[in-house]
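What follows is calculated from the coordinates using simple rules that are stated; it is not laboratory data. The model shown is predicted, which means the values in this text are computed figures rather than measured ones. In this analysis, Cβ positions are derived from the backbone assuming ideal geometry, glycine residues included, and neighbour counts consider all displayed protein chains.
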Amino acid sequence: MRHPFIDLLRDGPVRTLWVGLATSALGSQLYGIGIVWLAIDIAGTDAGFVPAAGQAAVVLMSLTAGLFVDRLPPRATMIATDLARAVVTLTPVVLALTVGLTMPVLVLSVVVLSALHSIFDPLLYAGVPRLARTPERIQATNGLIDATVRLSRFAAPVLAGALAPVLPVIHLLTLNALSFLASAAALFRLGNALDPVAPVALPASPIARMLHGFGVVRRDRLMRRILAANTLAVMAWALGVTLGIPMLVAEHRSEGAGGLVAVGLLLGAYGGADLLSNLIVSARRPRRPWTFMHAGYVGMGIGLALLPPALLLPPEPFALPLAMLAAAVAGFGGPIFFLPMSTLVQTRFAGIDLAGVLRLRISLIAGSMMLGSAAGTWLFAGIGSAATVTGCGALIAAVGLSGLIWREREVDG
């Protein structure tokens with residue numbers, strides 16, 4: 001049976017969008033690695049404040065974007081956002097090469113870039129049903145777009161590790177700026193495939209536009225449970241993977257280029273399994289989606305919880321390969337929850353309801369990531385990186401187990 005990605009990539013608009021998104025996703029992952037490494041170099045354990053500040057900006061922008069974004073044409077808004085992101089990403093590079101890089105500069109650039117991301121992403125996912133054109137292609141299209149992020153999680157750490165001996169870390173940000181220009185060019189070529197065919201009816205009140213997603217979810221018990229599970233798991237993921245793995249390596253192995261190589265291998269193993277899982281899940285429709293989704297979180301949590309002991313306890317040269325295996329187990333679980341969840345949201349809601357729920361989900365995730373990153377500042381200093389990463393894995397596994405215990409018959413049938 002032919003994989004659905006093959007047919008999607010033969011579709012001109014889908015292919016054009018995918019090329020742009022794949023390029024910008026790779027650049028964004030390189031940027032994330034570079035920013036964390038630069039922040040650790042400047043501020044040590046206080047590096048957690050950098051992603052926390054970015055997530056605070058996402059919360060604020062996600063809650064307020066409905067006041068103006070829904071009135072704008074989606075494609076033109078996404079192009080303008082990409083161009084703005086390129087300028088913002090280049091600013092720390094210019095300052096680093098001239099007057100020097102400081103923590104406030106890193107924080108400010110992450111804040112502005114995160115706010116722009118929170119404008120771009122809901123427009124993208126709200127356009128998926130229009131791009132897919134038929135209900136049968138929605139999950140496959142979600143999978144293809146999601147694969148751009150998961151492919152980058154595999155490729156970017158490996159690329160960053162390979163470039164570490166020859167390219168200054170600051171120029172990972174330069175590569176990200178170039179990737180945003182490529183994304184803007186792809187969107188320009190795309191035409192109006194993401195734009196609605198008719199004007200969207202909006203709530204008249206500005207407050208109603210801001211809070212529309214809350215009202216939709218408040219009336220939907222199933223969506224409340226899904227968003228709660230996703231929010232808790234992403235909080236632990238942000239702390240345990242995005243910040244925890246680099247901190248674990250910096251604390252227990254080595255800093256500098258050698259440490260960055262180890263970070264690249266661990267995050268590359270996570271990203272490779274993440275991508276493999278995406279390819280498998282995109283091509284199937286589970287008979288029991290609720291059970292399927294939460295089993296993914298159980299696997300993710302177990303893998304993450306085992307990563308620190310795998311890295312620290314066995315003798316060399318076995319430690320790093322075993323830790324990479326644990327990272328791969330953790331990475332495989334992500335798409336098992338995310339893809340069925342995205343399809344459920346996009347088929348359950350439409351129009352302004354869909355846009356509101358997507359923005360609410362982004363704001364909840366950003367808020368939880370902000371709390372997780374901020375807590376990391378004290379957890380890393382207090383109990384250490386190994387205990388923090390293991391605890392994050394245990395929390396994700398507990399979220400998955402709670403979903404398996406509370407089986408939702410409305411979803412599983």
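Report ³J(HN,Hα) in whole Hz for each residue of segment 181-188, in order, from the Karplus equation J = 6.51 cos²θ - 1.76 cosθ + 1.60 where θ = phi - 60°; Gly and Pro get x.
Values per residue, Gly and Pro as x: 5, 5, 5, 4, 5, 5, 5, 5 Hz.
Could you tell me which residue out of Ser368, Thr390, Leu178 lies farthest along the dipole of the chain toward its positive end? Charges go on the beta carbon: Lys and Arg +1, Asp and Glu -1, centred on the Cα centre.
Ranked along the dipole, the leading option is Ser368.
Relative contact order for the chain using alpha-carbon pairs under 8 Å, separation at least 6, rounded to a whole percent?
27
Using all Cα-Cα distances in segment 310-361, what percent lands in each 10 angstrom bin from 0 up to the longest?
Reading the bins upward from 0: 22, 27, 18, 17, 13, 3.
Taking the chain as a Gaussian network, where each spring joins two C-alpha atoms under 10 Å apart, which residue of Arg133, Arg85, Arg150 fluctuates the most?
Of the options given, Arg133 has the highest mean-square fluctuation.
So what's the back-of-envelope 222 nm ellipticity for the chain, counting only DSSP H runs of four-plus at -39500 (n - 2.57) apiece and dividing by all residues, rounded to 500?
Computed ellipticity for the chain at 222 nm equals -27500 deg cm²/dmol.
Provide the gained length on full extension for the span Arg284 to Ala228, in nm with one decimal, where the gain is 0.36 nm per separating residue minus the Cα-Cα distance.
Difference between extended and current length: 17.7 nm.
Determine the relative contact order of segment 293-413: mean sequence separation of Cα pairs under 8 Å and six or more apart, normalised by residue count, in whole percent.
Once divided by the residue count of segment 293-413, the mean separation gives 46 percent.
Which value in Å does the Kirkwood hydrodynamic radius of segment 260-413 take, with 1/r averaged over all unlike C-alpha pairs and then inverted?
By the Kirkwood definition, the hydrodynamic radius is 16.9 Å.
Leu312 to Leu108: FRET efficiency via 1/(1 + (r/R0)^6), r the Cβ-Cβ distance, R0 45 Å, to the nearest 0.05?
0.80
Out of residues 5 or more away from Glu408 or on other chains, whose amide H comes under 5 Å of its own, with H placed 1.01 Å from N in the peptide plane?
none
For Thr98 and Arg407 in one chain, what is 0.36 nm times their gap in residues minus the Cα-Cα distance, to one decimal in nm?
Taking Thr98 through Arg407 to full extension adds about 105.5 nm, to one decimal.
Assuming a viscosity of 1.306 mPa s and a temperature of 10 °C, what translational diffusion coefficient in µm² per second does Stokes-Einstein assign to segment 73-181, Rh being the Kirkwood radius over Cα pairs?
Once the numbers are plugged in, D ends up at 100 µm²/s.
Any chance you could list P(r) for segment 278-317, counting all Cα-Cα pairs in 10 angstrom bins from zero, rounded to whole %?
23, 36, 23, 16, 3
Largest first and in whole Å, what are the equivalent-ellipsoid semi-axes of segment 224-306 based on the Cα gyration tensor, each being the root of 5 times an eigenvalue?
29, 16, 9
Dipole magnitude of segment 267-413 about its Cα centre, charges +1 at Lys/Arg Cβ and -1 at Asp/Glu Cβ only, in debye to the nearest 20?
440
For the chain, what is the convex hull (Cα atoms) projected area averaged across all directions, in square nanometres?
19.3
Got a sec to turn the phi values of segment 317-328 into Karplus ³J(HN,Hα) couplings, 6.51 cos²θ - 1.76 cosθ + 1.60 with θ = phi - 60°, whole Hz, x for Gly and Pro?
After applying 6.51 cos²θ - 1.76 cosθ + 1.60, I find x, 8, 4, 5, x, 5, 5, 5, 5, 4, 4, 5 Hz.
Using the Cα atoms of segment 370-411 to build a convex hull, what is its mean projected area in square nanometres?
3.8
Could you derive backbone 3J(HN,Hα) for segment 98-112 from the dihedral phi with the Karplus parameters 6.51, -1.76 and 1.60 (θ = phi - 60°), listing whole Hz in sequence and x where the residue is Gly or Pro?
Couplings: 10, 9, x, 9, 10, 4, x, 5, 4, 4, 5, 5, 5, 4, 5 Hz.
Return the long-range amide H neighbours of Asp11 (sequence gap of 5 or more, or a different chain), with a cut-off of under 5 Å between placed amide H atoms.
Amide H to amide H, under 5 Å and 5 or more residues apart or across chains, Asp11 pairs with nothing.
Select from segment 286-365 those chymotrypsin sites (Phe, Trp or Tyr not before Pro) which occupy a DSSP coil region and have at most 11 other Cβ atoms within 10 Å, ordered by residue number.
Here the chymotrypsin sites (Phe, Trp or Tyr not before Pro) that fit, given the DSSP loop and packing criteria, are Phe318.
Would you work out the charge dipole size for the chain about its Cα centre, treating the Cβ of every Lys and Arg as +1 and the Cβ of every Asp and Glu as -1, and quote it to the nearest 20 debye?
1320
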